[in-house]
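The values are calculated or read from the model by the stated rules, or taken from the named source; none is laboratory data. Please read all numbers here as calculations on a predicted model, not as lab measurements. Note that each Cβ is placed from the backbone with ideal geometry, even for glycine, and that neighbours are counted across all protein chains shown.
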Amino acid sequence: MRLRPSARPIAGLVLDLLLVIAFAAIGRASHSEANPVLGALLTAWPFLVGTLVGWLVVRVMRRHWPLDPGPGVTVWFATLVVGMVLRRATGAGTAWPFVIVAAVTLAVLLLGWRVIARWRSRRYAAARVSRGGEPPRAAG
């Protein structure tokens, strides 16, 4: 399925937010914590704020959407740092093992889909060129 260029930023942002919620839900489930839906949202909110900050930083500083792996690093870093700062400010845990697990898990989730999307886009462009068509223009 190919999205219209104007729909890609919205889809990317929604995907990032859903993956952050999934990260929180999986973490809570691994500790057998109660109230899975509300609990996941309460755990996720600092990281969701961080994700939005990351998107805003990329959009303002680079003037394009963070849909590629490079700008995705900024989104990942903001998600992690802002999330941990807000957790700390609200008295939630920020033990080093949690920070490390969160960093790795969020990197896999937030950068993984961007790497896969970039690979698929390049593969699609190469196939199109090999069939004699022009490569699609980069969205930005």
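Every residue, every condition in (1) free of Cβ contacts under 8 Å to residues at least 24 places away in the same chain; (2) of a type in the set (Ser, Thr, Tyr); (3) surrounded by 13 or more Cβ atoms within 10 Å (Cβ to Cβ), yes or no:
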| position | (1), (2), (3) |
| --- | --- |
| ALA34 | yes, no, no |
| LEU41 | yes, no, yes |
| LEU56 | yes, no, yes |
| VAL60 | yes, no, no |
| GLY72 | no, no, yes |
- Task: Within region 1-48, count every residue that is closer than 23 Å to VAL82 by Cβ and not in a helix (DSSP H, G or I).
- Result: 2
- Would you check if ARG118 is within 14 Å of THR51 (Cβ to Cβ), touching a residue at least 12 places away in the same chain (Cβ under 8 Å) and among the basic types (Lys, Arg)? no
- Item | Number of the condition not met by ALA92 [criteria: (1) farther than 24 Å from ARG4 by Cβ; (2) surrounded by fewer than 16 Cβ atoms within 10 Å (Cβ to Cβ); (3) among the aliphatic types (A, V, I, L, M); (4) modelled with pLDDT of 95 or more] | (4)
- Message: For the condition over 21 Å from GLY27 (Cβ atoms), of a type in the set (Ser, Thr, Tyr) and assigned to a helix (DSSP H, G or I), what is the one hit in THR105, THR74, THR51?
- Response: THR74
